[in-house]
Amino acid sequence: MNDIFPVIPAIKALRPTHWTKNLALFAALIFSGQLDNPLSFTKVVWAFVAFNFITSATYIFNDLLDVKRDRLHPIKKNRPIASGKLSVEYAILEMFIVLFVGLILAEIISHLLFTLIIGYLVLQVLYTLFLKHLPIIDILIIASGFVIRVYAGAFIIDAHLSVWFLLCVISVALFLASGKRRAELQIVDGAKTRESLQKYPTELLNSYVTMFGNAAWMSWALFTFFESPKANANLWLFLAELSKTTTINKLLMATIPVTIFAIMRYQSLIFGGKSEAPEKVLLTDIPLVTSVGIWVLMVVWILYSGASNFSI
């Protein structure tokens, strides 16, 4: 503790690249039609910041408990604590600081958000202590983290999300979680780095990835069919007057091909052993980043330029 505080390792221990997962908080803001509402937008931004602190605290906690296993992992051995670049004492101090800041921010934003984060923390602690060693349960817990993020964003702006959207969120979350396990199985020795991997036959994880990948794009397709806003922008009304063939009331369905491409691309990365860290893939794989960017732009454009009804 007498050494100069290692700033760079401390920042890396927070895993800032993993904060991309917390962008899920913006889902409700976009799909409830409140993206252009300054008050709602500000709340979600601060909730995003709070969640960044909270998730970073759980990452440090996980690294502290898993330091011996991480040193046997080809990738995780380079983490600050496992590599010795950040001492255990400094890591513990950092963990409590970011946890405190995150909880204070959450309480200021919304007591409901604070309560939800407490639930998230309890779940993550249980996961780190023993749930991650239980096959199937570990995938469900990882997926639940994404679902909690989406609904945290919904609670703080009092937004309604349809059951179809919930189905979509669950499917995508399970797809990402099973993909993470499948890629990890391919590049590490499960017996040394993660107990649950010993109980996952490759064929079983393959079936999970395929099953949830199909469920993800199909649930999104159902969402776009049942929950698309009515097209009432001048362009669509003009086209509808020209011919009934051009009458469109399911504009969000135009995003389905992009969704399918993104899932197919991510599956190719999974089976190539390149998706153990989804947050890094979403930042580095150009085809995937491009497809996600196009998808977001299409969704925002459809909802905010051609819709009058945000009852999603």
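Every number in this text was worked out from the coordinates using simple rules, so none of it is lab data. Since we're looking at a predicted model, the values are computed, not measured. When we count neighbours, we look across all protein chains shown, and the Cβ atoms used for this are built from the backbone with ideal geometry, even at glycine.
Sorted ascending by nearby beta carbons within 10 Å, beginning with the fewest, ILE286, ILE8, ILE263, ILE104 become ILE286, ILE8, ILE104, ILE263.
Listed cross-link partners LYS180/LYS250; LYS12/LYS180; LYS21/LYS68; LYS250/LYS280; LYS43/LYS76; LYS68/LYS199 are compared with a 29 Å cut-off, the Cα-Cα value being larger for LYS180/LYS250; LYS250/LYS280; LYS43/LYS76. Scaled against 2.2 N^0.38 Å for its residue count N, the alpha carbon radius of gyration of segment 1-160 is 1.10. Ordered by the number of other Cβ atoms lying within 10 Å of each residue's own Cβ, fewest first, LYS199, LYS21 fall into the sequence LYS199, LYS21. Each residue of segment 112-121 was assigned a 3J(HN,Hα) from its phi angle through the Karplus expression (A = 6.51, B = -1.76, C = 1.60, θ = phi - 60°), giving 5, 5, 4, 5, 5, 5, 4, x, 4, 5 Hz with x at Gly and Pro. Roughly how many Å is it from the Cα centre of segment 154-171 to that of segment 1-71, as a whole number? Between the Cα centres of segment 154-171 and segment 1-71 lies a distance of 21 Å. Of the chymotrypsin sites (Phe, Trp or Tyr not before Pro) found in segment 38-135, the ones in coil according to DSSP and having at most 16 other Cβ atoms within 10 Å of their Cβ are PHE130.
With a cut-off of 14 Å between beta carbons, the residues surrounding VAL101 carry a summed charge of -2, where Lys and Arg count +1 and Asp and Glu -1.
Karplus-based coupling profile of segment 66-81, in residue order and whole Hz: 9, 4, 5, 5, 4, 5, 9, 8, x, 10, 5, 5, 8, 5, x, 6, with θ = phi - 60° in 6.51 cos²θ - 1.76 cosθ + 1.60 and x standing for Gly or Pro. In order along segment 58-63, the Karplus-derived 3J(HN,Hα) couplings, from 6.51 cos²θ - 1.76 cosθ + 1.60 at θ = phi - 60°, round to 5, 5, 5, 4, 5, 5 Hz, and Gly and Pro are given as x.
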